[in-house]
Amino acid sequence: MLFEYVNAFDAICTSRPSKTCKSPYVADVIIEESTELVHAPALGMDGYISPNKSVLIQKIPKPTGACKYAIVAAYDSEKKIYVGANPLHANKVFHEACKRQLFADDFGHIDSIVPEYTHGNSRFDFFVNDSVYVEVKSVLIADGDTAYFPVGNRKKGTISERANKHLTELTTLAKEGQSCAVVFMVMRNDVTEFSPNPKDQIFCNCLKFAYDAGVQVLVFQFEVSTKGIEYVTKLQYTGFE
C-alpha cells in the first residue's frame, strides 16, 4: 500500500456546496444520521460528489476549520470502484513510489527526491535525482476506458490556467537542456488509456509543446480501495506519435 487511509468509511453526500457553508470545497454529508460539514478537496468531480452519491471519508487529524472530516475517495456505483478524491494524494503517492523505486525504469535508480523545489521564480512538485524537474497531476475522471485531464469548468477558454503554467515552465526548462517530466497519476483502475481533455485545446497545445520540447509525459495507474491507494501499472501514452 503506497498510501493508507485511516479508519475511512462510507457516507452519503446530500449537498455540495454545503447548504450552510457556500465554499465549493465543503459538502454536506450524513454521518450517523447527522449532517456534517465535510472537506471536498476535489470539488464536485464531475458529479461524483453530489446529492445521494456515496463517498469515502475519514477524520481530519487536527482540524483547523469547520470541517472535522474530509472526502478521500468517491464511489462509482456503476463500475463498483472507488476513485481518488484528493488531488494532493497524487503527490504523496508519487513520493512514496519513488522511494520504493517503482518508477526507476523512467527516472533511473532514485537516490534523491526533493518536494516543492524552487528554481528561479518557479516551484515544481519534485526534483528527482538532482536532475529532473517533475510536475504531478491527479487524474480522477474517465469516459469509458479513457481517463482525462483536466476536467472542470472553463474560464478564459481553459480549465486550469495553473496546469498550463506548469507545462509552460517545464517547456522552457526543457528547451534550455534540462530534464523534465509531467506525471499523470490516474487514481482509478477501470481505464486502459489516458488523454488530455479534447474539450480544452489550450491545455492540449501546452502538453504538445512540452512533449515536442523534450518533456517526458508519463502516466501511472493506481487502485483505490477503502484501505488506501496501490500501484497498478504504467499506462503507455502515444498521443503525440
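The values are calculated or read from the model by the stated rules, or taken from the named source; none is laboratory data. Computed from a prediction, not measured in an experiment: that's the story for all the values here. Neighbour counts are summed over all protein chains in view; Cβ atoms, including those assigned to glycine, are modelled from backbone coordinates with ideal geometry. The area values use the complete protein model at the heavy-atom level, side chains included, leaving out ligands, DNA and RNA. Shrake-Rupley method; radii C 1.70, N 1.55, O 1.52, S 1.80 Å.
Taking the condition at pLDDT 95 or above and touching a helix residue (DSSP H, G or I) at 6+ places or on another chain (Cβ under 7 Å), does P87 pass? When the stated conditions are applied, P87 does not pass them. Of all residues in segment 189-213, those that are surrounded by 15 or more Cβ atoms within 10 Å (Cβ to Cβ) and within 19 Å of A163 (Cβ to Cβ) total 15.
Would a scan of segment 143-155 turn up a residue that is more than 25 Å from Y117 (Cα to Cα) and touching a helix residue (DSSP H, G or I) at 6+ places or on another chain (Cβ under 7 Å)? Scanning segment 143-155 turns up at least one residue that is more than 25 Å from Y117 (Cα to Cα) and touching a helix residue (DSSP H, G or I) at 6+ places or on another chain (Cβ under 7 Å). As a summary of the residue check, D106 satisfies the conditions (1) assigned to a helix (DSSP H, G or I); (2) out of contact with any Leu (no Cβ under 7 Å at 6 or more places or on another chain); (3) open to solvent by 20 Å² or more (accessible area, probe 1.4 Å); (4) of a type outside the set (A, V, I, L, M, F, W, C) except for the one numbered (2).
Restricting to segment 218-236, name every residue that is closer than 18 Å to K79 by Cβ and not hydrophobic (A, V, I, L, M, F, W, C). Result: Q221, E223, S225, T226, E230, T233. Within segment 5-44, the set of residues being closer than 23 Å to S77 by Cβ and charged (D, E, K, R) comprises D10, R16, D28, E32, E33, E36. Considered as a group, the residues in segment 62-76 that are part of a loop (DSSP other than H, G, I, E, B) and in contact (Cβ under 8 Å) with a residue 40 or more places away in the chain include one that is least open to solvent (accessible area, probe 1.4 Å), and that residue is C67. When P61 is tested against the conditions (1) modelled with pLDDT of 95 or more; (2) out of contact with any Gly (no Cβ under 8 Å at 6 or more places or on another chain); (3) closer than 24 Å to K92 by Cα, the lone failure is (1).
Here K79 meets each of (1) open to solvent by 30 Å² or more (accessible area, probe 1.4 Å); (2) touching a Lys or Arg at 6+ places or on another chain (Cβ under 8 Å); (3) closer than 28 Å to I12 by Cβ with one exception, condition (2).
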